[in-house]
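Working notes, beginning with the structure itself.
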Amino acid sequence: MEIQIRDLAKDYGTVPALHSVDLDVKSGELLALLGPSGSGKTTLLRSIAGLEQASRGKIFFGEEEASATPVRERGVGFVFQHYALFKHMTVAENIGFGLSVRPRAKRPPKAAIRERVLSLLDLVRLKGLEDRYPAQLSGGQRQRVALARALAVDPKVLLLDEPFGALDAKVRKELRKWLREIHEETHYTTVFVTHDQEEALELADRVVVLDKGRIEQVGTPDEVYDAPATPFVFAFIGDSSELPVTVDQGRVWLYDRAVPLGLDVVGHGPARLFVRPQHWEVGAPANGLAGVVRSVLRHGPGRRAEVELGAGVSVTVDVSDDHAVRTGDRIGLKPSRWRLFLADGQAVAPIPARRPAASGFRA
Ligand SMILES: Nc1ncnc2c1ncn2[C@@H]1O[C@H](COP(=O)(O)OP(=O)(O)OP(=O)(O)O)[C@@H](O)[C@H]1O
């Protein structure tokens with residue numbers, strides 16, 4: 001079931017939480033809503049569910065206007081971060097609940113409900129735990145039950161609000177893998193909210209990056225990481241350094257020094273240059289932007305240096321172990337990949353991406 005969101009806006013009194021959001025969710029895809037706290041992720045998800053009344057705009061499930069359909073009839077499966085299962089019901093009763101409370105005419109026979117519950121238990125890898133009570137499960141197991149309960153009624157869309165947010169890092173990682181596997185098996189159209197970029201990039205087919213109630217970018221994990229569309233997305237996803245530069249006659253200047261970008265750029269005026277730590281080439285001071293190494297710290301398998309370029313500008317640089325870079329050294333830096341945004345937020349030139357992004361320069 002595809003979802004179309006058109007010009008959706010939501011205000012809480014005078015506080016705008018969503019501004020004119022347009023979004024298409026493809027049938028069968030796993031879409032992440034990613035953004036900092038207060039960016040509107042939950043409001044968007046709850047609006048899709050019908051739990052929040054939008055101030056303006058429309059939502060379609062397929063051809064049908066969902067925004068005109070009562071919540072109960074939207075056919076939405078919802079899993080919350082703290083979805084309290086019914087404590088007095090067993091796992092099997094919890095999962096079968098949605099089916100067992102259907103009106104008599106639509107309610108499957110008891111044996112059919114039992115069969116559906118057992119197959120869902122199998123799907124969420126909890127076979128054998130059907131007679132336990134929620135208090136006898138771990139947090140991760142409870143979220144699996146919550147997902148099975150949401151799936152029991154065969155929803156048109158599945159909505160997950162920080163489903164693993166309350167769990168520890170190791171369990172989160174396991175459940176991430178598990179959710180991806182379940183998605184491969186079931187292909188429910190799924191939208192999930194997370195503020196954890198690693199979770200979004202690892203799990204989702206596409207990521208929607210939100211800030212202040214607006215969509216900044218929609219793209220595959222590779223697209224949002226390799227070719228961020230806006231300065232916000234570049235700064236928010238992955239590590240990066242930002243240099244306040246000026247574009248003049250095809251060259252990019254950090255104050256009075258030309259930044260060695262290897263090609264000319266189109267545009268004029270103040271701009272923001274973004275570079276990821278792994279995209280600096282380290283050489284002699286005369287061979288690039290000269291700077292002084294202020295610190296070198298271990299970072300995963302390699303090392304990461306803070307390099308001061310002067311005038312209060314520092315950048316973070318990954319250095320391989322065989323580079324003898326030490327605190328106090330003077331080195332020269334050249335960006336191998338970068339992205340430049342003019343003051344109006346437009347990208348001047350794309351980063352050569354692993355997966356080719358739209359290429360060419362802006363006129
Ligand atoms: N019931 C409410 N009443 C008033 N303002 C609200 C209400 N719910 C959300 N907001 C405001 O709307 C904006 C978006 O909130 P929302 O919960 O959608 O953000 P979020 O991205 O999900 O944040 P978080 O990651 O912290 O949950 C915020 O400014 C928030 O303070």
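The values are calculated or read from the model by the stated rules, or taken from the named source; none is laboratory data. Here the structure is a predicted model, which means the values were calculated and not measured. Note that we place each Cβ from the backbone using ideal geometry, even for glycine, and neighbour counts take in every protein chain shown.
Scanning the range 41-73 for residues that are touching a Lys or Arg at 6+ places or on another chain (Cβ under 7 Å) and more than 16 Å from the ligand (Cβ to nearest atom) turns up Lys58, Phe61, Glu65, Ala66, Ser67.
Of the numbered criteria (1) aromatic (Phe, Trp, Tyr); (2) part of a helix (DSSP H, G or I); (3) closer than 30 Å to Gln217 by Cβ, the one Phe97 fails is (3). Is it fair to say Val247 is modelled with pLDDT under 95 and either within 20 Å of Leu342 (Cα to Cα) or part of a strand (DSSP E or B) (or both)? Spelling it out, Val247 is indeed modelled with pLDDT under 95 and either within 20 Å of Leu342 (Cα to Cα) or part of a strand (DSSP E or B) (or both). Screening Asp154 on (1) in contact with a Ser or Thr (Cβ under 9 Å, 6 or more places away or on another chain); (2) surrounded by fewer than 17 Cβ atoms within 10 Å (Cβ to Cβ); (3) of a type outside the set (A, V, I, L, M, F, W, C) shows it passes everything except condition (1).
Keeping to the range 211-241, report how many residues are assigned to a strand (DSSP E or B) and either touching a Leu at 6+ places or on another chain (Cβ under 7 Å) or farther than 23 Å from Glu306 by Cα (or both). I'd like the intermediate steps shown before the answer.
The initial filter retains those residues of the range 211-241 that are assigned to a strand (DSSP E or B), namely 211, 214-219, 241.
So of that shortlist, the ones also either touching a Leu at 6+ places or on another chain (Cβ under 7 Å) or farther than 23 Å from Glu306 by Cα (or both) come out as 211, 214-219.
Count: 7.
Set side by side, the residues Arg149, Arg132, Arg214 differ, and just one is at pLDDT 90 or above, touching a Gly at 6+ places or on another chain (Cβ under 9 Å) and surrounded by fewer than 21 Cβ atoms within 10 Å (Cβ to Cβ), which is Arg214.
Condition check: at pLDDT 90 or above and either out of contact with any Lys or Arg (no Cβ under 6 Å at 6 or more places or on another chain) or not assigned by TED's automatic domain parsing to the domain that holds Lys26 (or both). Does Val157 satisfy that? Taking the combined requirement at face value, the residue satisfies it. Within the option set Ala84, Ala92, Ala54, being surrounded by 19 or more Cβ atoms within 10 Å (Cβ to Cβ), in a loop (DSSP other than H, G, I, E, B) and assigned by TED's automatic domain parsing to the domain that holds Glu174 holds for one residue only, Ala54.
Scan the range 223-274 for residues that are free of Cβ contacts under 8 Å to residues at least 40 places away in the same chain and of a type in the set (Asp, Glu) and jot them down. Across the range 223-274, the qualifying residues are Glu242, Asp248, Asp256, Asp264. One residue stands out among those in the range 6-19 that are within 24 Å of Thr220 (Cβ to Cβ) and either more than 11 Å from the ligand (Cβ to nearest atom) or not assigned by TED's automatic domain parsing to the domain that holds Glu185 (or both): the one that is surrounded by the most Cβ atoms within 10 Å (Cβ to Cβ), which is Leu8. Filtered by the rule that a residue be among the polar types (S, T, N, Q), part of a loop (DSSP other than H, G, I, E, B) and free of Cβ contacts under 8 Å to residues at least 60 places away in the same chain, the range 57-81 gives a lone residue, Thr69.
When each of Gly332, Gly312, Gly360 is tested for being farther than 17 Å from Glu281 by Cα and modelled with pLDDT of 85 or more, the lone residue that passes is Gly312. In the range 20-40, what residues are in a loop (DSSP other than H, G, I, E, B), within 12 Å of the ligand (Cβ to nearest atom) and under 16 Å from Gln4 (Cα atoms)? Across the range 20-40, there are no qualifying residues. The set of residues from the range 279-336 being surrounded by 12 or more Cβ atoms within 10 Å (Cβ to Cβ), outside any strand (DSSP E or B) and touching a residue at least 40 places away in the same chain (Cβ under 8 Å) comprises His279, Pro285, Asn287, Gly288, His323, Val325, Ser336. Within the range 184-203, restricting attention to residues that are farther than 21 Å from Asp154 by Cα and surrounded by 22 or more Cβ atoms within 10 Å (Cβ to Cβ), the residue that is farthest from the ligand (Cβ to nearest atom) is Leu203. If you filter the range 20-51 down to residues that are crowded, with 18+ Cβ neighbours inside 10 Å and hydroxyl-bearing (Ser, Thr, Tyr), you find that the one that is farthest from the chain's Cα centre (by Cα) is Ser47.
Across the range 237-266, the number of residues qualifying as farther than 30 Å from Gln197 by Cα and either of a type in the set (Asp, Glu) or in contact with a Ser or Thr (Cβ under 6 Å, 6 or more places away or on another chain) (or both) comes to 4.
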